[in-house]
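Presented below is the structure to which this report refers.
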Amino acid sequence: MKAIEILQLCISPSWGGLELVAFETAVMMKSKGVVCQNIVAINSPLAQKIKNAGPPILEVHSGPLHFIQNIFIIRRLIQSHKISNVFVQLLHDLFLMRLSMIGFPQINMVGFSHTFINVFKTDPYHSWSYKRLDSLIALTPKHKENLLKYLPLREHHIKIIPNSVDTSIFNRAKRFQATRQSFDPSNENIIIGLVGRLDKAKGQSLLINAGAILKERGFFQFKILLIGEETLHEPGILNKLQKQVVDLGLEDYVIFTGFRSNIAEIMASLDIAVMASDAETFGKVIIEAMASGVPVIASNAGGVVDIIDDSLNGLLFTSRDEKDLASKIEKLMINKPYRDQIANAAMTKVYQNFEREIIQQKILALFNRPGQISS
């Protein structure tokens with residue numbers, strides 16, 4: 001039996017960006033011929049997706065009642081398969097893995113931080129856990145600054161590796177007239193889209209307000225697509241947004257698409273993509289839109305400023321400022337050559353910095369592989 005090279009841990013019962021990266025990592029390892037055992041929460045969305053894709057999987061129970069049991073499960077796996085690397089996707093699991101690795105100093109340990117933090121974690125409990133890391137992945141330079149401020153790690157421990165985009169899925173060739181006409185039968189409107197779950201933090205309300213401002217300024221040839229469904233187990237935001245649309249007289253301008261499986265086609269068929277979140281650590285929809293040949297307008301907060309070079313390959317607006325957002329939309333609406341210029345520059349940046357194969361090689365370089373010398 002071939003030895004397991006990497007043990008990936010992500011005991012999360014939820015599904016979101018973090019779990020998506022864990023799934024993509026599992027699939028990537030399999031495609032590269034790397035034997036990666038994935039320990040995940042039993043019956044979780046992540047577990048089901050990995051099962052369907054085929055990589056090795058071990059399901060365990062999440063929660064404090066199963067903490068000790070999970071330590072023994074992980075230790076048995078390490079001992080029986082002589083694990084050489086562990087990859088912790090959910091930093092909440094870091095203490096569990098640290099305890100499980102007592103007596104195995106030879107194991108290379110890599111962590112992945114998916115979000116900004118705002119609490120100092122330099123107490124003995126966190127220090128003991130974090131200082132066992134050989135590497136911690138940050139998504140952007142801004143993210144790295146944040147982690148250095150709050151975590152007991154030195155600069156050389158934190159490696160900047162951004163999220164990636166699969167350009168075989170997200171690309172300009174997915175732009176279909178039929179997709180556009182399903183939202184705009186007249187084919188006369190600028191289509192503006194925001195992809196993301198319906199959530200206060202995602203900025204759908206801000207974009208609706210920006211639409212009202214555009215209408216007040218005399219712009220009537222546009223459609224706003226809000227692509228996504230409500231956050232699981234948190235109903236109510238859809239009704240609020242629909243009421244806002246009615247109150248502002250935008251019923252003919254705003255379309256709630258709900259969940260859609262053809263995101264790549266919808267993304268490529270937009271004229272303008274908006275990312276209006278308060279402070280995204282990265283914002284994967286940005287690089288998906290950029291890869292699709294669609295100019296992006298995003299808030300100038302969080303790690304977004306490390307992705308978009310303002311006015312070169314995208315536009316940044318002042319976070320939470322609906323008037324500034326409306327002005328940036330207007331700037332692109334009235335100038336198609338400028339839209340095309342931004343879109344072309346964005347695609348170039350994606351292929352140079354965020355294309356999946358480039359990012360996968362950077363991640364693999366963090367692990368001790370057969371025939372490699374550990375740095």
Just checking: which of the strands (runs of 3 or more DSSP E) contained wholly in the stretch 6-65 hold 2 or more residues that are in contact with a helix residue (DSSP H, G or I) (Cβ under 7 Å, 6 or more places away or on another chain) and either among the polar types (S, T, N, Q) or loosely packed, with under 15 Cβ neighbours inside 10 Å (or both)? 36-41
Residue check: is Thr140 of a type in the set (Val, Ile, Thr) and either within 30 Å of Ile266 (Cβ to Cβ) or touching a residue at least 40 places away in the same chain (Cβ under 8 Å) (or both)? yes
Give the stretch 159-183 a look and list any residue that's in a loop (DSSP other than H, G, I, E, B) and of a type in the set (Gly, Ala, Ser), or say none. Ser164, Ser168
What number of residues within the stretch 99-127 are touching a residue at least 24 places away in the same chain (Cβ under 8 Å), outside any loop (DSSP other than H, G, I, E, B) and over 17 Å from Leu147 (Cβ atoms)? 4
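Listed here are the residues, each with its yes/no results for (1) out of contact with any Leu (no Cβ under 8 Å at 6 or more places or on another chain); (2) farther than 27 Å from Glu230 by Cβ.
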{"position": "Phe170", "(1), (2)": "yes, no"}
{"position": "Lys174", "(1), (2)": "yes, no"}
{"position": "Ala178", "(1), (2)": "yes, yes"}
{"position": "Gly193", "(1), (2)": "no, no"}
{"position": "Leu198", "(1), (2)": "no, no"}
{"position": "Ala201", "(1), (2)": "yes, no"}
{"position": "Gln204", "(1), (2)": "no, no"}
Within the stretch 265-278, does at least one residue satisfy the condition of being at pLDDT below 95, surrounded by fewer than 14 Cβ atoms within 10 Å (Cβ to Cβ) and among the hydroxyl-bearing types (Ser, Thr, Tyr)? no
Could you check how many residues of the stretch 57-66 are under 28 Å from the mean Cα position of the chain (by Cα) and more than 21 Å from Val35 (Cα to Cα)? 4
For the stretch 187-202, give me the residue count where each residue is within 24 Å of Pro235 (Cβ to Cβ) and at pLDDT below 95. 7
When you look at Phe354, is it within 26 Å of Val27 (Cβ to Cβ) and either touching a Lys or Arg at 6+ places or on another chain (Cβ under 7 Å) or surrounded by 18 or more Cβ atoms within 10 Å (Cβ to Cβ) (or both), yes or no? yes
Buried (at least 19 other Cβ atoms within 10 Å of the Cβ), in a strand (DSSP E or B) and within 22 Å of the chain's Cα centre (by Cα), is that true of Ile227? yes
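The values are calculated or read from the model by the stated rules, or taken from the named source; none is laboratory data. Model, not experiment: these values are computed from the prediction. Backbone-built Cβ (ideal geometry, glycine too); neighbour counts: all protein chains shown.
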